[in-house]
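Just below is one structure, and these are the notes that go with it.
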């Protein structure tokens, strides 16, 4: 894989993750971040996860299977969104006590 294909792979992965964050309701974009590299990483992990779950089906664009990448990215973003919501709901997690540090 040369550098151009690698860059295109990252762009396609980021677009899949970006689409997944846009489709999810409830402010998943705000909970999962909006940086390009973060979405690219989520897209790459999502493509790997989707390939494990449903296999290499659907069209491929520069080595990225689009259907598994979208499904895997959607599941990964959903999992991250649910995890951040659950952690935010726990008492004492992420909240400052307002006291002085020792």
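Some points to look at:
- Candidate set: the stretch 37-64, residues that are without any contact (Cβ under 8 Å) to a residue 24 or more places away in the chain and in contact with a helix residue (DSSP H, G or I) (Cβ under 6 Å, 6 or more places away or on another chain); chosen: the one surrounded by the most Cβ atoms within 10 Å (Cβ to Cβ): 51
- Residue 70 vs. criteria assigned to a helix (DSSP H, G or I), surrounded by 17 or more Cβ atoms within 10 Å (Cβ to Cβ) and modelled with pLDDT of 80 or more: yes
- For the stretch 2-20, residues that are touching a strand residue (DSSP E or B) at 6+ places or on another chain (Cβ under 8 Å) and closer than 11 Å to residue 74 by Cβ total 1.
The values are calculated or read from the model by the stated rules, or taken from the named source; none is laboratory data. Nothing here was measured: the structure is a model prediction, and the numbers come from that model. Here Cβ is always computed from backbone atoms with ideal geometry, including for glycine, and neighbour counts include all displayed protein chains.
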